[in-house]
Amino acid sequence: MKLLYTDIWQELTPLLVEEAKTLAKAGKRVFYIAPNSLSFEKEGQVLRLLPERASFAITVTRFAQMARYLTLNNIKQEETIDDQGLTMIFYKLLQDFSDSDLQVYHRVRTDQAFIQQLVELYQEVKTSHLDWLDLERLAEKEKASDLVKVFQAVDDFLVEHHLSQQSSLAFLSQEILAGRVDLSQFVIIIDGFTRFSAEEADLVRLLDANSHEVIVGVYASQKAYQAQYIDGHIYQASVTFLRGLSSQYQTRPIYLTSSVQSKSGQLVTQALEMKTSFTVGSLPKLSANPDKLQIWQAAQSKDEIEAVAKSIRQLVQSDQGWRYRDVTILVGDLTSYQLEIEKIFHQFDIPYYVAASQSMVDHPLVNFIEALERLKTYHYRAEDLLNLLKSGLYGQFDLEDLDQFEVYLNYADVKGYRQFKQNFTAKGQVGYDLDFLNDLRTRIITPLANFLNSRSQKATSLLIKFNDFLNQVDVMDNMQRLSQGMSQEELEQQEQVWQTFGRLLEQVHTIFGSSKLTVSDFLSILSSGMQASHYRTLPATVDVVKVQSYDLVTPHHNHFIFALGMTQSVFPLIKQNKSLLSDDERLLLNQQQEDQVGLDVVSHENGPRNHYLALSLLNSARQQLVCSFSQSAASSDDLSSYLKFLEELGLEKQKLSGENDSSAYKAMLSRLLAVNHLEIETDDRETFWQQAIPFLHQKLTENDLKTTLLDLPETVPIAAEVMQRWLPKDQLQLSVSALRTFYDNQYLYFLRYLLGLQEPESIYPDARQHGSYLHKVLEYFMADQSDQSFDQRFSQALAQTRQDRFLAPFYQQSAQGQFSRSILETIAVSVANFLEENKAIHVLKQEVPFHFNQGQQLQVRGIIDRLDGLFDGSQGIVDYKSSAKTFDLLDFYNGLDTQLVTYLQALKQTGQDPFGAMYLHLTEPHLKLKNIKKKEELIVKAYKTLAYKGLFLEDKKEFLDNGYYQLDLYSSKDIDRLLAYNQNLYQAAERQIRTGHFKINPYTEDGLSVAGRQLKNITRFSSDQHMSYARPLLRVKERGEKRKSYLLGLMEGKDED
């Protein structure tokens, strides 16, 4: 073995390529080995250093690929399975375990994340010279017992079915030991490693013994290699690796000098070496703003990325011939930066490639398999069936038909195979087309049931049935249809998913072919394999900017390096141990190892690894290195320790002034307000910003400026011809609920009454049906004036209500509806008793329709629940409420409670003398017995909870002061004022409605939060950004009579205006 090393600021690869060229000329076959994550870049770098830019004698690859090449013609005695196949075996065996078989992991034995951890630990232990019995040395005996039991079961399964999970490296080692691979003319050159895994170390030992030569190149300085104490040194990782190889193979490392050097890298490296080796002396200084090495500080990550994008465009447009491939973006936290990078690079038209593993879990085919599994496991839940249909791979169905099917399933709450198998019968208020829906149900459920209801059978037979099922529901045709119009990259992903799916089916046949499987087990195994699969990511072209995690950086990685997000939290990157074995447990197991390899101990490797990673990053650029961070991601205390060290060397941070800098934004606002302050008129009831923000928005619109901070939702007036079609006779009709909706949010009125949109219907009764049910019971009871007893009349009222053709379906088709009905009837009997006791009034009419005109072209319509009469001939209005409700004068003023006043106006239009309008809360009284001193108080207090609450005329007080009414008295003049103001409310709403312009203006009571319906999913209204568009309600601090007098005075002013 030959060991070569050089300082990291010198390029090692040209030196190793020279070795390779010399050996190739001597007739040797050279394998140039690079780490897995870097073999693609290393291949291009090596080939560019060859005179012919290619060579048949030199192959740049990685260990695993070399092993496959050397054993291409060697026959394996056992069938090999990949990681997905191993995952399926684990899943099947863990399903077969009972809860009592595992002491620690029995509750998570089928969890996908846990299974993946088990697979990774199984493979790691397999390659680290450990035996399963070694795990018994763990302190937690129950945990050790579970792991040994599971791993032993997997080994037994593999042996029984003649399967192997042997890696290509292990197979090559086996073949070398057996003498079936001739390596006498082969030379292995290894570049870019600072440690070997156990398998790699074994293979290198065999290669050294059987090949012509093994050459290992490492970055380290002479001073570091000769140092007595290496812990904490910047070169600790590479020197430890180099010394270990030197000791094992009894060879002296050779220091080389390269002609390709980096001066800035040399200075920073030497300074770091001095600091980490505790060398006495002053550190060298960098120039304040060197071109080769820079630190950028931005206000936010967006500014970072935009600055990088601009720099890349300048580079490729310069006359120096730089290409996109000459630039690499390194990111500290790739997940948080990726979306922003993709968005901005698209805007700047920069081709890029993100080197990150991407799971297949979001692909429609994976969703298809997962939905099938969940349908079988959870017995045909509607949501799982809908997910299957929405995958786009099940059958040939029109999207509109599936929408109708989904609406009906949600309405009827269809669930379970029995309900899907039976005909749909609930027609609903809207009148569903049951013939169409049942035909669609049959076409959907029949092929599904034929497969999912299959009995347990051999995997080979089940695969045949599954294939027939896929053909029956046109999965392949649907995959081809989904592929239409896709980009080349998306088409490659489609192909990879289909290949993975096919390979998994083959492995199911290989692994479980002769074993009996249930459909549930088969789908679970298939789903686990698909969810564990990832896309192989390759750039579409060579000339792209590569974006990758910075922990994959190597010395002299590319010409231009931009390292983004270099904060203390990621630079250095402290890796966490997320495996099933803790670091202490790994150390315990490694102590028994005779050689140096074993299980990885993350906490022990963080320091050396991060030092070498920082060293690699600072020497990664041949032309220029830029390290940047944003203030939004780091405070001064969170600045990376490595960047602080660069500041110690004299390197100054360069602050980026982004266009969206908050200081610039505030300055713009200040100038705009200062110039136009006279145009902004403030009102006492509105804050300055409530009026200033719409003004700013107007100025921005006039100058064709856009800003996301002030981008408020806007609506446009409806076309005149649409309004004419909606109001063909120019006659507008409003109800109390329509007026309440208008003053809640004008856009909500537009959706309900102009577009006709409705809330989703349900077979289960809600507050609307509950209220109607109580109304009907009381209507039938009060209408019965016969001499029968209370119980007889009430029972007849219940019987009539139960037969109501609109209400009966809600309370008969489910246990939930029947339970609700029993509660409602309990409430009804309490209210009926209360009404029976009140002899002061008699019911004149029930369900009284009315309509009257408010002006020439506005008609107000509605239905009054009940009209009562007093002994003096005056009439009162009763409205039943299923929840507590009182008349609020302030809500009335704001347009949110006009019901009782509107009903009074309707009664006055008929010439009747009213005594009041009131609400009756339909409830069952609940009393605390500890507060009752005498039993006579029970009825009195119970009736207080059922008292009529509303507004009453003062001159009728003598007839109403009997305990049945909670009196809120108004004079006749006050009533006239309420009626006049009510008319204004209707006419103001009419004027706005006729304009056809409906604002998004939910109301706010306090100016801080929005109480009205915001309709966020439709309007994107956000109370944080759009509060100025909310309708502020009048707020009154006074209480009692002062409050009433103040509001009535305001209404009088409104009448005169």
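The values are calculated or read from the model by the stated rules, or taken from the named source; none is laboratory data. As the structure is a prediction and not an experimental result, all values here were calculated from the model. Backbone-built Cβ (ideal geometry, glycine too); neighbour counts: all protein chains shown.
Brief remarks follow.
- In the set (1) part of a helix (DSSP H, G or I); (2) at pLDDT 85 or above, Leu102 fails one condition alone, (1).
- The one condition from (1) in the same structural domain as Gln548 (by TED's automatic domain parsing); (2) in contact with a Lys or Arg (Cβ under 7 Å, 6 or more places away or on another chain) that Gln300 does not meet is (2).
- Screening Asn962 against (1) at pLDDT below 80; (2) polar (S, T, N, Q); (3) not in a loop (DSSP other than H, G, I, E, B) leaves a single unmet condition, (3).
- Within the range 541-552, residues that are assigned to a loop (DSSP other than H, G, I, E, B) sit with their Cβ atoms under 9 Å from residues that are small (Gly, Ala, Ser) and at pLDDT below 90, at 6+ positions apart or across chains, in these pairs: Val542/Gly44.
- So Ala449, is it under 27 Å from the mean Cα position of the chain (by Cα), within 30 Å of Ala815 (Cα to Cα) and of a type in the set (Gly, Ala, Ser): no
- Of the residues examined, Gly771 is one that is among the small types (Gly, Ala, Ser) and in a helix (DSSP H, G or I).
- Selection status of Thr6, closer than 28 Å to Thr257 by Cβ, at pLDDT 90 or above, exposed (fewer than 15 other Cβ atoms within 10 Å of the Cβ) and more than 46 Å from the chain's Cα centre (by Cα): no
- Summed over the range 157-176, residues that are surrounded by 12 or more Cβ atoms within 10 Å (Cβ to Cβ) and assigned to a helix (DSSP H, G or I) total 11.
- Flag for Phe806 being among the aromatic types (Phe, Trp, Tyr), at pLDDT below 85, under 53 Å from the mean Cα position of the chain (by Cα) and surrounded by fewer than 14 Cβ atoms within 10 Å (Cβ to Cβ): yes
- Within the option set Phe90, Phe56, being closer than 22 Å to Met530 by Cα and either without any contact (Cβ under 8 Å) to a residue 12 or more places away in the chain or not hydroxyl-bearing (Ser, Thr, Tyr) (or both) holds for one residue only, Phe90.
- For the range 405-437, residues that are loosely packed, with under 14 Cβ neighbours inside 10 Å and in contact with a Phe, Trp or Tyr (Cβ under 6 Å, 6 or more places away or on another chain) total 1.
- Qualifying residue in the range 287-307 (condition: of a type in the set (S, T, N, Q), modelled with pLDDT under 85 and touching a Gly at 6+ places or on another chain (Cβ under 9 Å)): yes
- The range 71-82: number of residues that are of a type outside the set (S, T, N, Q), assigned to a strand (DSSP E or B) and either at pLDDT 90 or above or out of contact with any helix residue (DSSP H, G or I) (no Cβ under 6 Å at 6 or more places or on another chain) (or both): 0
- A single member of Val860, Val843, Val878 is at negative phi and surrounded by fewer than 18 Cβ atoms within 10 Å (Cβ to Cβ), and it is Val843.
- Those helices (runs of 4 or more DSSP H) lying entirely in the range 979-1057 with at least 1 residues over 23 Å from Gln899 (Cα atoms), touching a residue at least 12 places away in the same chain (Cβ under 8 Å) and polar (S, T, N, Q): 1016-1019, 1023-1026
- Glu136 vs. criteria surrounded by fewer than 18 Cβ atoms within 10 Å (Cβ to Cβ), in contact with a helix residue (DSSP H, G or I) (Cβ under 8 Å, 6 or more places away or on another chain), among the acidic types (Asp, Glu) and part of a helix (DSSP H, G or I): yes
- Selection count where residues are touching a residue at least 24 places away in the same chain (Cβ under 8 Å) and closer than 17 Å to Phe522 by Cβ, scope the range 93-113: 5
- From the list Glu18, Glu124, Glu120, the one residue that fits, being assigned to a helix (DSSP H, G or I), among the acidic types (Asp, Glu) and surrounded by 15 or more Cβ atoms within 10 Å (Cβ to Cβ), is Glu124.
- Apart from one condition, Asp7 fits all of (1) of a type in the set (Asp, Glu); (2) closer than 30 Å to Asp521 by Cα; (3) touching a helix residue (DSSP H, G or I) at 6+ places or on another chain (Cβ under 8 Å); the exception is (2).
- Hits in the range 393-420 - residues which are over 14 Å from Ser814 (Cβ atoms), free of Cβ contacts under 8 Å to residues at least 40 places away in the same chain and either touching a Ser or Thr at 6+ places or on another chain (Cβ under 6 Å) or not in a helix (DSSP H, G or I) (or both): Asp398
- Failed item, numbered, when Arg68 is tested on (1) among the basic types (Lys, Arg); (2) part of a helix (DSSP H, G or I); (3) out of contact with any Ser or Thr (no Cβ under 6 Å at 6 or more places or on another chain): (3)
- Subset of the range 477-517 that is aliphatic (A, V, I, L, M) and either part of a helix (DSSP H, G or I) or touching a His at 6+ places or on another chain (Cβ under 6 Å) (or both) - its residue that is nearest to Val354 (Cα to Cα): Leu491
- Among the candidates Ala113, Ala64, residue that is closer than 25 Å to Arg180 by Cβ and of a type in the set (Gly, Ala, Ser): Ala64
- Condition check for Gln1025: of a type outside the set (Gly, Ala, Ser) and under 30 Å from Trp726 (Cα atoms): no
Conditions tested, residue by residue: (1) assigned by TED's automatic domain parsing to the domain that holds Phe405; (2) in contact with a Leu (Cβ under 9 Å, 6 or more places away or on another chain); (3) more than 30 Å from Gln983 (Cβ to Cβ); (4) without any contact (Cβ under 8 Å) to a residue 24 or more places away in the chain.
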position	(1), (2), (3), (4)
Arg725	no, no, no, yes
Ser737	no, no, no, yes
His770	no, yes, yes, no
Leu778	no, yes, yes, no
Arg793	no, no, yes, yes
Phe806	no, no, yes, no
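- Test: residue in the range 998-1015 that is within 23 Å of Gly855 (Cα to Cα) and more than 29 Å from the chain's Cα centre (by Cα): yes
- Checking each residue in the range 276-322 for being more than 30 Å from Glu342 (Cα to Cα), out of contact with any strand residue (DSSP E or B) (no Cβ under 9 Å at 6 or more places or on another chain), surrounded by 13 or more Cβ atoms within 10 Å (Cβ to Cβ) and of a type outside the set (Ser, Thr, Tyr) picks out Leu283, Pro284.
- Identity of the residue in the range 711-753, over 17 Å from Arg861 (Cα atoms) and among the hydroxyl-bearing types (Ser, Thr, Tyr), that ends up surrounded by the fewest Cβ atoms within 10 Å (Cβ to Cβ): Thr715
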